[in-house]
């Protein structure tokens, strides 16, 4: 396979970014791993790690690039913030005139893919996440302590890179580990490694997950000790989860999974992936009302209380929610840890359940006047005909319900204007909150706050 030509584009803040394209077909942008990003190293990993030698690229135009400060890109910067990473990606899209493409986040590039997909649903058709994590804390756990060597990277740079290379290869090939360590040293400097870890401490795209409005494939480790992928998939409205062996090597099976998800028409060069909602395994369900809940300030609460006490509060949240859903005939679709998604056959029952939830949480908080972490929950509803698959619900109806929930404040219930009309003549009271622009939707949505308090 011929080596692709390295080219360059320039970011809005003047940084030169190295990239290449390989193959012909629908564009698939692989976000830079940032740490140890090196186009020469990535070519090896992408196209020669599988036993057959066939990697991604058949029926696709694969686009890869080095993040600023790494590999073949401009090395005179130590800015590895999320804003900087998104500027790199934005410059690449503009240079290649990519109006719509699939995005693939792997390693440290996953957070960049998630942030871009959340903010640009009109440009991203599909998202693939591999070895997933959303927060630096999850990444540190996945590294199992190897990143601590960065503290000594100045004085023992060669030892540091050699140890990491051996760990990456499972301590199975010392000769190749030496070559890999050499490429690591070509990719970054001790200063840039330290700057990367410092920037990574501040990156957490977890709040963006409910905003992702594109079909998403999460490739999670089959290792039961690594649950990050499953947790991440549960927070993305239109995500499907597959488990793969806990192995850094790319494989033919992973290629098959990705290509099947994208549904690329190989006999038509450049044809876009098929819409995952048109799969024969999916069907349009009956008219339903979708309810989303979300704990406001969940992350801060967990940090303040610690894992054990925080988990106790979450159990109360789960108990109250499930009991209230049962009382009103709601069907739990899934839980995202700090929130729920549920469906109802009746719009009236859905809103009565939302009011019941807020009153139950208010009573729980009032009964614990000295409680260090009251449960402050927001609720959003929408109605329509979602797509059903394997007990989960997908599509624009679900995505908009999630977006509406995100607009609510603690203790609020928000519904869109069509839902309010469906409830005409009922005994509910509403306050007009005005129109809101929702990511991924062309028209603004007028929202109404439901007045649920006994005195309101």
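Taken together, the values in this text are just the output of simple stated rules run on the coordinates, not laboratory data. As the structure is a computational prediction, the values presented were derived from the model and not from experiment. Heads up, the Cβs are rebuilt from the backbone with ideal geometry, glycines too, and the neighbour counts pull from every protein chain shown.
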Check your understanding: Using 1/(1 + (r/R0)^6) with R0 = 25 angstrom and r between the beta carbons of residue 24 and residue 244, what's the FRET efficiency to the nearest 0.05?
Key -> 0.40
Point to revise | Order of 338, 366 - criterion: other Cβ atoms within 10 Å of each residue's Cβ, fewest first | key: 366, 338
Practice item. Evaluate the distance, in nm, between pseudo-label points positioned 7 Å from the Cα of residue 311 and of residue 94 along their respective Cα→Cβ axes. Key: 4.8
**Study point:** Per-pair calculated FRET efficiency, R0 = 51 Å: residue 201 and residue 327 via Cβ, rounded to 0.05
**Key:** 0.75
Point to revise | For segment 396-456, projected area of the alpha-carbon convex hull averaged over all directions, nm² | key: 4.4
Review point. Fewest to most neighbouring Cβ within 10 Å: what's the order for 8, 20?
Key: 8, 20
Review point. If you rank 404, 257 by fewest surrounding Cβ atoms within 10 Å, what's the result?
Key: 257, 404
**Study point:** Nearest-0.05 FRET efficiency for residue 363 and residue 10, computed from C-beta distance (R0 51 Å)
**Key:** 0.30
Point to revise | Average Cα contact separation per residue, segment 283-450, under 8 Å, 6 or more apart, as relative contact order % | key: 26
